[in-house]
Amino acid sequence: HHIWALTSGVPTCPVSATDGGGAVPGTPGSCSSSTPPWYHTTGLTQGPNLVNAAACNYSGGNCYVLTDRGTFQYLMDSGAILSLHVVTRDNSATSTGGASLLINSFHAYAINPAKFPETVASGLNLAGATTFLDWLTSPRAQREITAYQEADTNSGGSSFIGDAAPVLSLRGRFPARVAEGRPVTVNGTLANRVPGTRPLSGVTVTLAATRRGADRSSTVATATTGASGRFSITFTPTVDARYRLASPRIAQVETPASASFGPEFGDLLQPASEALGRMRVSRTGSS
């Protein structure tokens, strides 16, 4: 509905705020009773709707359909649809609706037993729900989600993007060797994987080191992300070690920057980690 409201050159009818707002293609003056002849409302779910568009048994042909990437790629791979191809799947920040217009996020929640005692009495499996959420947001499951149908070329990439944890990105090169006593600065950015979400500011990022032979790492220094999610850590290495950046679990309310992102929602981001590599310390007189 929001996409149709942003479309120019097409007569539309408004959608009530109760139904989410926006607009649908319509005939001005008769919005409550009819849709234009070129616009077909199938009343079907996503899969059959795609099959209907692929068959395109309508006068004039040339069918277009809005769909989610995962359903499209699954039906293409299974041979259920063959004649459709992607017209667009990504928006630039400067395009109508912005970069988040075509984002289709999935959220998983566990029911709070204290708020739904009748559900508890009927057999709420909170332990099972929690176990499922822990698996869904684990690094392994997130990798598998992102890799699902990743090689598909019909729509240009992965069906899904695992976004349970933010991205820790290093700006610049992490040195493999540094002279003894010389400070090193690590610059980076912590960002949500979902376009349209606000920057992750005020988050503590930790730089940890693991010495050779040690079974655990130790914290070297920390920094707090700024308004844009950037951070800078300066430290002076004293021994050879492997270094890693890490961020904690983040709980926050995502307030959309624009209406295209949808309503605000609670967001629990899992800890993020990024290996920087080994750094050797060169001492005076040594090779």
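Of all the listed residues (S92, S105, S83, S100), the sole one being open to solvent by 50 Å² or more (accessible area, probe 1.4 Å) and in contact (Cβ under 8 Å) with a residue 12 or more places away in the chain is S83. Among all residues of region 124-146, there is none that is surrounded by fewer than 10 Cβ atoms within 10 Å (Cβ to Cβ) and hydroxyl-bearing (S, T, Y).
Hey, any hits in region 191-211 for a residue that's modelled with pLDDT under 90 and of a type in the set (A, V, I, L, M, F, W, C)? Looking for residues that are modelled with pLDDT under 90 and of a type in the set (A, V, I, L, M, F, W, C), one finds at least one in region 191-211, hence yes. Here M76 clears all of (1) farther than 22 Å from D163 by Cβ; (2) at pLDDT 90 or above except the condition numbered (2).
For region 12-21, the criterion of being open to solvent by less than 40 Å² (accessible area, probe 1.4 Å) and free of Cβ contacts under 8 Å to residues at least 12 places away in the same chain is met by no residue. Among the residues of this structure, I111 does not count as one that is open to solvent by 50 Å² or more (accessible area, probe 1.4 Å) and within 28 Å of C56 (Cα to Cα). Checked against (1) among the polar types (S, T, N, Q); (2) modelled with pLDDT of 95 or more; (3) open to solvent by less than 60 Å² (accessible area, probe 1.4 Å); (4) out of contact with any Leu (no Cβ under 6 Å at 6 or more places or on another chain), T224 passes all but condition (3). With respect to being of a type outside the set (A, V, I, L, M, F, W, C) and modelled with pLDDT under 95, P183 falls outside the description. Where residues in region 147-158 are of a type in the set (S, T, N, Q) and under 13 Å from D90 (Cα atoms), which of them is modelled with the lowest pLDDT? So, considering only residues that are of a type in the set (S, T, N, Q) and under 13 Å from D90 (Cα atoms), the one modelled with the lowest pLDDT is S155. Filtered by the rule that a residue be of a type outside the set (S, T, N, Q) and closer than 25 Å to I161 by Cβ, region 55-73 gives Y64, V65, L66, D68, R69, G70, F72. Checking the structure you have, find out if any residue of region 139-146 is modelled with pLDDT of 80 or more, among the hydroxyl-bearing types (S, T, Y) and under 27 Å from D68 (Cα atoms). Looking through region 139-146, at least one residue is modelled with pLDDT of 80 or more, among the hydroxyl-bearing types (S, T, Y) and under 27 Å from D68 (Cα atoms). Taken over region 27-71, residues that are touching a helix residue (DSSP H, G or I) at 6+ places or on another chain (Cβ under 9 Å) and over 26 Å from R89 (Cβ atoms) amount to 0.
What's the number of the condition W4 fails, among (1) touching a Ser or Thr at 6+ places or on another chain (Cβ under 6 Å); (2) modelled with pLDDT under 90? Failing condition for W4: (2).
Can you report the number of residues in region 57-80 which are touching a residue at least 40 places away in the same chain (Cβ under 8 Å) and either open to solvent by less than 40 Å² (accessible area, probe 1.4 Å) or over 23 Å from the mean Cα position of the chain (by Cα) (or both)? Looking only at that region, the number is 5.
The values are calculated or read from the model by the stated rules, or taken from the named source; none is laboratory data. Nothing here was measured: the structure is a model prediction, and the numbers come from that model. Every residue, glycine among them, receives a Cβ derived from its backbone with ideal geometry; neighbour counts consider all protein chains shown. These accessible areas exclude ligands, DNA and RNA; they are computed on the full protein's heavy atoms, side chains included. Shrake-Rupley method; radii C 1.70, N 1.55, O 1.52, S 1.80 Å.
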